[in-house]
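The values are calculated or read from the model by the stated rules, or taken from the named source; none is laboratory data. Bear in mind the structure is a predicted one, so any value in this text is a computation, not a measurement. Cβ placement follows ideal geometry from the backbone for every residue including glycine, while neighbour counts extend to all protein chains displayed.
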Amino acid sequence: MPKSQEVVHQYLQEVEEAAEEVISDQQEIISLDRRRNTNREALRQLRKNNLTSQNPSTKTWICVGNMFLRMPKNIATENIEKEQKQLDTEINNLRNGLSSKVNYLNDLEHKQKIVGTNLKALSPEEWNAVKQVLGQ
């Protein structure tokens, strides 16, 4: 292959790999978010059932992987809440890394960076300072 074709081939390969990383991260975020929503539904149902039954040691069935387990509701609730926190952390890490991967892909494609992708929410202290400045 001539030198120019090798350079073009290498460039296209880099762009394709970067795009594949972006797409795979987006799909991972979607699947984790679906799991998080399913856990949220389960937590809501467990809490709703806890209100109707006054005995905290009642047991419930939960699905773990591809098997069902019967355990006390409070332990099941704690486990689901732990998994929720872990899922939130994983989703946030993927979202934070996704913006840099998208910017890298845009650099490879010679596009402008997306404005506003590095925005962070105001912390409570910063928000209070804004309120003070505005006189609220």
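Does region 53-67 contain any residue that is assigned to a helix (DSSP H, G or I) and not small (Gly, Ala, Ser)? No; the residues of region 53-67 include none that is assigned to a helix (DSSP H, G or I) and not small (Gly, Ala, Ser). Taken as a whole, region 82-102 holds no residue that is at pLDDT below 90 and part of a loop (DSSP other than H, G, I, E, B).
Of these, Asn96, Asn37, Asn106, Asn92, which one is closer than 30 Å to Val8 by Cβ, free of Cβ contacts under 8 Å to residues at least 12 places away in the same chain and either within 14 Å of the chain's Cα centre (by Cα) or surrounded by 12 or more Cβ atoms within 10 Å (Cβ to Cβ) (or both)?
Values: Asn96 fails: closer than 30 Å to Val8 by Cβ; Asn37 fails: closer than 30 Å to Val8 by Cβ; Asn92 fails: closer than 30 Å to Val8 by Cβ.
Unique residue meeting the criteria: Asn106.
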